[in-house]
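Shown next, in structure tokens, is the structure this report addresses.
The values are calculated or read from the model by the stated rules, or taken from the named source; none is laboratory data. Since this is a predicted model, take the numbers as computed values, not measurements. So basically every Cβ, Gly included, is an ideal-geometry build from the backbone, and we count neighbours across all protein chains shown.
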Amino acid sequence: MSCTPAELVTQVSSCLVQASFQVLGDVDSRVPGLRVTEVSAGALVSWTASDGFTALSRDQAGHAASDDSMRVIVQAAVAGLLVQLGHTVTEMPDGGGLMVLTEAVFPRGSKSNCAPKPSTSQMPRSV
């Protein structure tokens with residue numbers, strides 16, 4: 001079962017908000033935060049660190065690449081949630097976020113509209 005990219009953006013955004021993530025609307029990509037944007041294959045989930053966080057991570061003695069580490073942590077949390085809800089999620093090769101595909105993976109015999117039901121499906125790539 002699949003849905004349109006626009007429907008998927010709405011659904012993914014809603015799932016993230018319900019899980020207490022703060023999702024930004026259609027704003028400049030330089031504004032820090034989590035955003036979900038429509039792309040031809042589905043929904044792109046990306047995160048931009050704030051200048052304050054970036055400066056703080058640079059000031060932490062003995063912690064290399066903290067900004068990148070935080071991006072990985074945010075992506076793992078988001079991917080884990082979306083996979084648990086039955087979405088097919090892949091990591092963008094350039095590290096530019098997570099792609100949530102319009103084609104969802106559902107357990108055999110389940111019926112669904114655009115909203116996936118909880119499943120134990122595996123992600124195609126480890127995130």
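Quick notes on this structure:
- Test for V27: is it closer than 22 Å to L8 by Cβ, touching a helix residue (DSSP H, G or I) at 6+ places or on another chain (Cβ under 8 Å), of a type in the set (V, I, T) and at pLDDT 55 or above: no
- The set of residues in region 2-21 being touching a strand residue (DSSP E or B) at 6+ places or on another chain (Cβ under 7 Å), part of a helix (DSSP H, G or I) and among the hydroxyl-bearing types (S, T, Y) consists of S13 alone.
- Within region 22-31, tally of residues that are under 18 Å from A76 (Cα atoms) and assigned to a loop (DSSP other than H, G, I, E, B): 1
- Counting the residues of region 32-77 that are modelled with pLDDT of 80 or more, over 19 Å from G95 (Cβ atoms) and assigned to a helix (DSSP H, G or I) gives 0.
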